[in-house]
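**Q** Can you read through this structure? Questions will come right after.
Read-outs throughout are calculated quantities, based only on the coordinates presented, and are distinct from any laboratory measurement. Please read these numbers as outputs of a predicted model, since none were measured by experiment. Counting neighbours? That spans all protein chains shown, and the Cβs are built from the backbone with ideal geometry, glycine included.
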Amino acid sequence: MLSFHHLNQTLQLLPEKAIYWEDQKALLIADAHFGKVTHFRKAGMAIPEQAAHRNLNTLQQLITEYKPEKVLFLGDLFHSEMNTEWLLFKELLLEFPNVEFTLIQGNHDILHKHSYDNTTMRVVRELNLEPYNFTHEPEEHPSLYNLSGHLHPGVRMQRKGRQSMRLPCFYFGKKNGVLPAFGEFTGLHIISPKKDDHIFIISGKVVQQAL
């Protein structure tokens, strides 16, 4: 965990690829892509069944540890059409009746709107909580700082012997910030940061600022 003081707010950047926003007691998660593992397994890909539960277990652990009042999903919560992972996710919501869950809908959130009716989660296109404007895809807001997902940001780190490795990161530019993808098997989009951007690299259980 690394504390980032941003716009007079305290953001805890977590190695689980989420943010705990202390001032609002809110957990921020982008691109969970629940359902993706089960979708791939149905298509015949050799992915271990337990992988379908790891992201849900991590979410459960984060809520239990940080006790947020709000959980904001910044889009692409569920990757595919209905499958068993959605039922597991609905059960998880019921474990935390005092938490306010909000989905800022993303391009992969293709479930029918009735799928959300029997959950405790509200679904919106965007959300404003000063000083932030939350969307799925990066946008520019006239007065608020935009936080989003969608891009799955990552950086390429050079190693000895001309080797390189790709690692997920948190990105904070002048007007926009982008969270890493929370889910597994989501891929990375390698970014090219500008001079005054803040980049925080996630390596295992460590979050550190790029020099």
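**Q** Ranking 3, 115 by Cβ neighbours within 10 Å, fewest first, what do you get? The partial results should precede the final answer.
**A** Details: 3 12, 115 16.
Fewest-to-most Cβ neighbours within 10 Å comes out as 3, 115.
**Q** How would 182, 101, 4, 134 line up from fewest to most surrounding beta-carbon atoms within 10 angstrom?
**A** Working: 182 28, 101 20, 4 17, 134 25.
Lowest to highest Cβ neighbour count: 4, 101, 134, 182.
**Q** Considering only 176, 187, 19, whose Cα is most displaced toward the positive end of the charge dipole of the chain, charges sitting on Cβ of Lys, Arg (+1) and Asp, Glu (-1)?
**A** The one lying farthest along the dipole's positive direction is 187.
**Q** Using a Gaussian network for the chain with springs between C-alpha atoms less than 10 Å apart, which of these wobbles most: 61, 12, 158?
**A** It is 158.
**Q** Next question, about the same structure. Pull up the DSSP beta bridges for segment 65-186 and report the antiparallel fraction as a percent, rounded to 5.
**A** Numbers: 10 of 24 bridges.
Percentage antiparallel, nearest 5: 40.
**Q** Further question on the same structure: With the contact rule set at Cα under 8 Å and sequence spacing of 6 or more, what percent relative contact order holds for the chain? The partial results should precede the final answer.
**A** Values: 475 pairs, mean separation 41.4, N = 211.
It rounds to 20 percent for the chain.
**Q** Separate question: Report ³J(HN,Hα) in whole Hz for each residue of segment 191-206, in order, from the Karplus equation J = 6.51 cos²θ - 1.76 cosθ + 1.60 where θ = phi - 60°; Gly and Pro get x.
**A** 9, 10, x, 8, 4, 9, 6, 10, 10, 10, 8, 10, 10, x, 9, 10
**Q** Another question about this same structure. Scan around residue 150 for amide H atoms under 5 Å from its own, H built in the peptide plane at 1.01 Å from N, and keep only partners 5 or more places away or cross-chain.
**A** 31
**Q** Counting other beta carbons within 10 Å of each Cβ, put 127, 13 in order, fewest first.
**A** In order of increasing Cβ crowding within 10 Å: 127, 13.
**Q** Can you give the charge dipole size of segment 145-211 about its Cα centre, rounded to the nearest 20 debye, using +1 on the beta carbon of Lys and Arg and -1 on the beta carbon of Asp and Glu? Please list the in-between numbers first.
**A** Values: 10 positive and 3 negative charges, 67 e Å.
For this selection, approximately 320 debye.
**Q** What is the magnitude of the charge dipole of the chain about its Cα centre, with +1 placed on the Cβ of each Lys and Arg, -1 on the Cβ of each Asp and Glu, and no other charges, expressed in debye to the nearest 20?
**A** Values: 22 positive and 23 negative charges, 198 e Å.
So the dipole magnitude of the chain works out to roughly 960 debye.
**Q** Would you list, by chain and number, the aspartates and glutamates whose Cα falls below 15 Å from the Cα of residue 174, excluding same-chain residues fewer than 8 positions away?
**A** 139, 140, 196, 197
**Q** Could you point to the label whose value was computed as mean projected area of the Cα convex hull in nm² for the structure here, given (i) 10.3; (ii) 12.4; (iii) 14.8?
**A** (ii)
**Q** Filter the cross-link list 70/194; 17/194; 67/194; 70/113; 67/205; 67/195 down to pairs whose alpha-carbon distance in this structure exceeds 29 Å.
**A** Details: 70/194 32 Å; 17/194 22 Å; 67/194 35 Å; 70/113 21 Å; 67/205 20 Å; 67/195 36 Å.
Where the Cα-Cα span goes over 29 Å, the pairs concerned are 70/194; 67/194; 67/195.
**Q** Search the structure for amide H atoms under 5 Å from the amide H of residue 123, placed 1.01 Å from N in the peptide plane, and list their residues when 5 or more places away or on another chain.
**A** 103
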